[in-house]
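A.B. asks: The structure is given below, and queries will be raised subsequently.
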Amino acid sequence: MSLAGWRDRRHRNPLRPAQILARLLATLFVTASVVQCESTASAASYSDAVEFFRTGKYEDCARLAEQELLRTAWNEDWRVLKIRSEMTLGRYQAALETLEAGLQRSTPGLELRLLAPDVYRFNGREADADAVPASIERMVLASPRRFSSATNRVALGRYFLMRGADARKVLDQFYDTATKLEPDLIDVYFATAELALAKQDDALAADTLKGAPKEAAQHPQFHYLTACAFLESDRAKSAESLEAALAVNPRHVDSLLLKADQLIDAEQYDDAAGVLGAVQKVNPREPRAWAYRAVLAHLKSDAKAEQSARDSALAFWPTNPEVDHLMGRKLSQKYRFAEGVEAQRKSLTLDSGYRQAKLQLCQDLLRLGEEEEGWRLADEIVAEDGYNVVGYNLVTLRDELEGFRTLRDGAFVVRMTPREADLYGDRVLDLLREAKNTLCEKYEVPIEDPIVVEIFPQKKDFAVRTFGLPGADGFLGVCFGRVITVNSPASRGDSPSNWESVLWHEFCHTVTLTKTRNKMPRWLSEGISVYEEGQRNPAWATVLNPRFREMLLGDELTPLSELSSAFLRPKSGMHLQFAYYESSLAVEFLVDRFGLETLKTLLDDLAEGIPLNDSLAVRTASSIENLDDAFANFARERAAGVAPDATWEQPDLPARADARTVAAWLDEHPDNFWATQRLAAAYVAGQQWEDAMLAAKRLKELYPEYVGPQNAYEILATAYQKQGDTSAARSELENLASRDASATAAFTQLMQLAEAENDWEAVGRNADRHLAVNPLVVAPHRAAARAAEEMGDISTAVAAYRAWSRLDDTDPAGLHYRLANLLRQDRKPDDSLREVLMALEEAPRYLEAQRLLLELIDRRADSDAAHRTAPVEATKP
């Protein structure tokens, strides 16, 4: 076990840190200028020992320390270094002997005492471990002047964190003060970063390490902590830092464990086992390594091996809460939330105050839809630790969720803001019902419990609900099984996406996770969902764009057997999108070659705990190597079939080359896609419409599937409109709309052109397309209302007019009057009367509304009279 591992342990004494902290600070701040003379060791030999420890030569470090202690048993620096080496190597009994020899001295120091709790715990002496904090308290309060140096302030900060003190006070009153006293003290930067990471404040950790002295980079711990700080925000930098740590110390246990953790995420389980083997060469007893081995066994459905590994993890510290917490955290990352919850409960049984387990349990329960207990735990976490960033974020989000509206229909519970619920809530429920009927039948999956869907208008709220922290750029939605979280169109800004396709995608996850009991490799889960988007609507399908084509035909295609690794450390957002695309392509390959029934059988095998690659080999009667080759051929054939006559070299032209220059280059490269596109755009910029049309037609011939920026359809539609040929323009825009479900500009133009020709069916169709992308703007609701009204679809017209009225207050009287008329036709006189009165409230002299009001009053009077004069049937006594 490395230093970072046992420094972060929380001990379980009865706590009163605030009082102790106040008493100690009163003395420390008076004596801040007093600096204790630290014990010194032989400079040359001690630096050699430190170098051994830094570079992973722990045995040599322990040996040298033992030799020196024979000469200078009083020297605590050597004793501390020896214990650290012995604990790292798993020599727990030897560490205990070294510790107790030091504690027998009359005045053992703070660093030595801080090592004691874990040394005792790994030797089965819980009571002695529990007694240590009190002994430290007595020592510090008896002679506080001894502890005013920067080094001791860092040690005191760790002590108070161990006692449960307020983290912000520790930062302000110990670590920041230590930094001012000794700006080049590397350990204070490590301690601050460790504290920030423990509180999920990755940004503070990164900033702290950035400000550390240059010499800090010589330590593996610096690079390891940097890797942790950037793990979520910058995977490339995190990976680079991890490799730097192992370059300094190939036996750095924390770094090796982080590497194994990431390999498990990438489903590279054999490689992860190999890294764990390297850890156990350093320390065969390392509990975290055994916990990871238990995770690997669980993922292979090997219950016996899992129990054996867990027993080994707890062999020397039977109540170590980190073991089950780590196991549960990894299972939850594999979307096995129920199993993760069980593991966190085990952890809390061993230590009811272990906050990491409580926080993970809180998040997992919320992801399972068990909200009452989940929110209660969030409140407890914040009450116990006000600096816990995730806990604070969750509690704040809970307060916002209380303002959401809940829509229910038995199968679904949808939460949205009231405004968005009014505008498209019914449409959300309609789509979810269709998705359930279609996908549950297709994959033969019964889903009985209601599915919770939460739609967030702000990205930060979506990210907090989903991951606990703001960020998560690039995610449109996430499915946990019974709970789906989605970014609403309001969060998309200038990057609109089709929210209907997102919901379909996420509900498909619900179906496949249910079928497999959450035992799915990520690539297959994502691949099926993307594939099913295209099955529902071809315009939802991910397009094979020029960059994807290049990646498939180059060397960036991931083997089918390793596709999950493509999601772990993508080089860019484009590479992440490519991971989704190639996963869907792999699903298409499996369905084309082996049939949908084979795909469903694979899912059934996963539910039984059979690894996917083993199932693939059996169900397809092919080796994994052959499947990898066949998929690679399938993918490359698909890429080669796109724009087969086009050439792809980038034109060697100035960025602002004019049309004549581009045309001259194109004369020598007549099939070049990029140059043809640039030429068409240059003609548009010069308003040379005939030439633009010719270039765009050639662009469409070369690559009809292309719907990205400056596509042929947009250029042709613009050129045709400029020449007054609206029919041809509509045709090109319709081609684009049928291929791109997020082309709102095309939908808007199609609505306008169709309305001008009284083509109300086309107006309604394109309004519907637009609403699937952005239902929060007026234009599509207005178009839908007019089209439905003209075609006599009263219920659709009423809903559209109501949405229109909520978004546009320029003519409220007119909108209320139109609604009143429609409701009158729909034989809803009371609703009609309400709307006409609202129209007259806005415009009392509105003549048409007055006439409608009189008509409604007359009809009501006639109805009342008819009711009064109707004969009453006699009843027999």
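A.B. asks: Taking the condition touching a helix residue (DSSP H, G or I) at 6+ places or on another chain (Cβ under 6 Å) and surrounded by fewer than 15 Cβ atoms within 10 Å (Cβ to Cβ), does residue 409 pass?
C.D. replies: yes
A.B. asks: Being within 21 Å of residue 567 (Cα to Cα) and outside any helix (DSSP H, G or I) is the filter here; which residues of region 500-523 pass it?
C.D. replies: Correct list: 518, 519, 520, 521.
A.B. asks: I've got another one for you. Pull out all pairs, ordered by first then second residue, where Cβ-Cβ is under 6 Å, the residues are six or more apart or on different chains, the first lies in region 753-767 and is in contact (Cβ under 8 Å) with a residue 24 or more places away in the chain, and the second is open to solvent by 50 Å² or more (accessible area, probe 1.4 Å) and in a helix (DSSP H, G or I).
C.D. replies: Hits for this filter: 753/726; 760/790.
A.B. asks: Here is a follow-up. Within region 667-701, how many residues are in a helix (DSSP H, G or I) and over 21 Å from residue 719 (Cα atoms)?
C.D. replies: Number of matching residues: 2.
A.B. asks: Every residue in region 428-465 that is modelled with pLDDT under 95, of a type in the set (Lys, Arg) and more than 19 Å from residue 493 (Cα to Cα), please.
C.D. replies: Correct list: 465 only.
A.B. asks: A further question follows. Can you name every residue in region 487-531 that is hydroxyl-bearing (Ser, Thr, Tyr) and farther than 23 Å from residue 460 by Cα?
C.D. replies: 510, 512, 514, 516, 525, 529, 531
A.B. asks: Residue 99: without any contact (Cβ under 8 Å) to a residue 24 or more places away in the chain, crowded, with 22+ Cβ neighbours inside 10 Å and assigned to a helix (DSSP H, G or I), yes or no?
C.D. replies: The answer is yes for residue 99.
A.B. asks: If you don't mind, another one. When you go through (1) over 22 Å from residue 252 (Cα atoms); (2) modelled with pLDDT of 95 or more one by one for residue 67, which number turns out not to apply?
C.D. replies: All conditions are met except number (2).
A.B. asks: Another one. When you check residue 109 against the structure, is it modelled with pLDDT under 95, under 40 Å from the mean Cα position of the chain (by Cα) and farther than 30 Å from residue 382 by Cα, yes or no?
C.D. replies: Spelling it out, it is not the case that residue 109 is modelled with pLDDT under 95, under 40 Å from the mean Cα position of the chain (by Cα) and farther than 30 Å from residue 382 by Cα.
A.B. asks: State yes or no: is residue 230 hydrophobic (A, V, I, L, M, F, W, C), within 21 Å of residue 253 (Cα to Cα) and open to solvent by less than 40 Å² (accessible area, probe 1.4 Å)?
C.D. replies: Here the answer is no, as residue 230 does not meet what is asked.
A.B. asks: Look at residue 79 and say whether it is over 26 Å from residue 256 (Cβ atoms), open to solvent by less than 60 Å² (accessible area, probe 1.4 Å) and of a type in the set (Lys, Arg).
C.D. replies: When the stated conditions are applied, residue 79 passes them.
A.B. asks: Looking at region 115-125, can you tell me whether even one residue there is outside any helix (DSSP H, G or I) and closer than 24 Å to residue 192 by Cα?
C.D. replies: Within region 115-125 (the criterion being outside any helix (DSSP H, G or I) and closer than 24 Å to residue 192 by Cα), the answer is no, since none of the residues qualifies.
A.B. asks: Further question: Would you mind listing the strands (runs of 3 or more DSSP E) fully within region 388-495 where at least 3 residues are of a type in the set (Val, Ile, Thr) and under 22 Å from residue 335 (Cβ atoms)?
C.D. replies: Passing ranges, in order: 451-456, 483-487.
A.B. asks: Criterion first (acidic (Asp, Glu) and either surrounded by 20 or more Cβ atoms within 10 Å (Cβ to Cβ) or not in a helix (DSSP H, G or I) (or both)) does residue 532 satisfy it?
C.D. replies: It is true that residue 532 is acidic (Asp, Glu) and either surrounded by 20 or more Cβ atoms within 10 Å (Cβ to Cβ) or not in a helix (DSSP H, G or I) (or both).
A.B. asks: Report, by residue number, each residue of region 255-298 that is in a loop (DSSP other than H, G, I, E, B) and within 26 Å of residue 613 (Cα to Cα).
C.D. replies: Those that are in a loop (DSSP other than H, G, I, E, B) and within 26 Å of residue 613 (Cα to Cα): 266, 267, 268.
A.B. asks: What number of residues within region 242-265 satisfy the criterion of being among the small types (Gly, Ala, Ser) and buried (at least 24 other Cβ atoms within 10 Å of the Cβ)?
C.D. replies: 3
A.B. asks: If you don't mind, another one. If you check every pair at least six apart or on different chains, which have Cβ atoms under 6 Å apart with a residue in region 705-729 that is of a type in the set (Ser, Thr, Tyr) first and a residue that is modelled with pLDDT of 95 or more second?
C.D. replies: 713/732; 713/735; 713/736; 720/728; 720/729; 726/753
A.B. asks: To continue, here is another question. In this structure, is residue 727 under 25 Å from residue 768 (Cβ atoms) and surrounded by fewer than 16 Cβ atoms within 10 Å (Cβ to Cβ)?
C.D. replies: yes
A.B. asks: For residue 293, all conditions in the list (1) among the basic types (Lys, Arg); (2) buried (at least 23 other Cβ atoms within 10 Å of the Cβ); (3) within 26 Å of residue 162 (Cβ to Cβ) hold save one; what is the number of the exception?
C.D. replies: It fails just one condition, (3).
A.B. asks: While we're here: For region 733-746, does any single residue satisfy the condition of being closer than 20 Å to residue 673 by Cα, more than 36 Å from the chain's Cα centre (by Cα) and surrounded by 15 or more Cβ atoms within 10 Å (Cβ to Cβ)?
C.D. replies: Looking through region 733-746, none of the residues is closer than 20 Å to residue 673 by Cα, more than 36 Å from the chain's Cα centre (by Cα) and surrounded by 15 or more Cβ atoms within 10 Å (Cβ to Cβ).
A.B. asks: Mind checking whether some residue in region 346-358 is of a type in the set (A, V, I, L, M, F, W, C), touching a residue at least 12 places away in the same chain (Cβ under 8 Å) and open to solvent by less than 10 Å² (accessible area, probe 1.4 Å)?
C.D. replies: yes
A.B. asks: Then there is this: So for region 135-152 (the condition being closer than 25 Å to residue 249 by Cα and without any contact (Cβ under 8 Å) to a residue 40 or more places away in the chain), does at least one residue qualify?
C.D. replies: No, the conditions are met nowhere in region 135-152.
A.B. asks: Now, a different point. I'm trying to understand the selection: among the residues of region 157-170, which are assigned to a helix (DSSP H, G or I) and in contact with a Leu (Cβ under 7 Å, 6 or more places away or on another chain)?
C.D. replies: The answer is 158, 159, 160, 161, 167, 169, 170.
A.B. asks: If I go through region 466-485 residue by residue, how many of them are of a type in the set (A, V, I, L, M), at pLDDT 80 or above and more than 19 Å from residue 337 (Cα to Cα)?
C.D. replies: Looking only at that region, the number is 1.
A.B. asks: Look through 63, 105 and report the one residue that is open to solvent by 10 Å² or more (accessible area, probe 1.4 Å), outside any helix (DSSP H, G or I) and out of contact with any strand residue (DSSP E or B) (no Cβ under 9 Å at 6 or more places or on another chain).
C.D. replies: 105
A.B. asks: What's the number of the only condition in (1) in contact with an Asp or Glu (Cβ under 9 Å, 6 or more places away or on another chain); (2) closer than 21 Å to residue 495 by Cα that residue 717 fails to meet?
C.D. replies: Checking residue 717 against (1) in contact with an Asp or Glu (Cβ under 9 Å, 6 or more places away or on another chain); (2) closer than 21 Å to residue 495 by Cα, the one that fails is (2).
A.B. asks: So in region 82-94, with the set limited to residues that are farther than 18 Å from residue 56 by Cβ and of a type outside the set (A, V, I, L, M, F, W, C), which one is least open to solvent (accessible area, probe 1.4 Å)?
C.D. replies: 92
A.B. asks: If we keep just the residues of region 417-447 that are among the small types (Gly, Ala, Ser) and without any contact (Cβ under 8 Å) to a residue 60 or more places away in the chain, which is surrounded by the most Cβ atoms within 10 Å (Cβ to Cβ)?
C.D. replies: 425
A.B. asks: Among 665, 674, which is open to solvent by 50 Å² or more (accessible area, probe 1.4 Å) and among the hydrophobic types (A, V, I, L, M, F, W, C)?
C.D. replies: When all the criteria are applied, what remains is 674.
A.B. asks: Mind listing whichever residues of region 559-594 are open to solvent by less than 20 Å² (accessible area, probe 1.4 Å), at pLDDT 90 or above and farther than 19 Å from residue 614 by Cβ?
C.D. replies: 578, 579, 581, 582, 583, 584, 585
A.B. asks: If I ask for residues that are charged (D, E, K, R) and assigned to a helix (DSSP H, G or I), which ones from region 189-226 would you list?
C.D. replies: Within region 189-226, 194, 202, 207, 210, 214, 215 meet the criteria.
The values are calculated or read from the model by the stated rules, or taken from the named source; none is laboratory data. Here the structure is a predicted model, which is why all the values come from computation and not from measurement. Neighbour counts are summed over all protein chains in view; Cβ atoms, including those assigned to glycine, are modelled from backbone coordinates with ideal geometry. Calculation scope for accessible area: heavy atoms of the full protein, side chains included, ligands and nucleic acids excluded. Shrake-Rupley method; radii C 1.70, N 1.55, O 1.52, S 1.80 Å.
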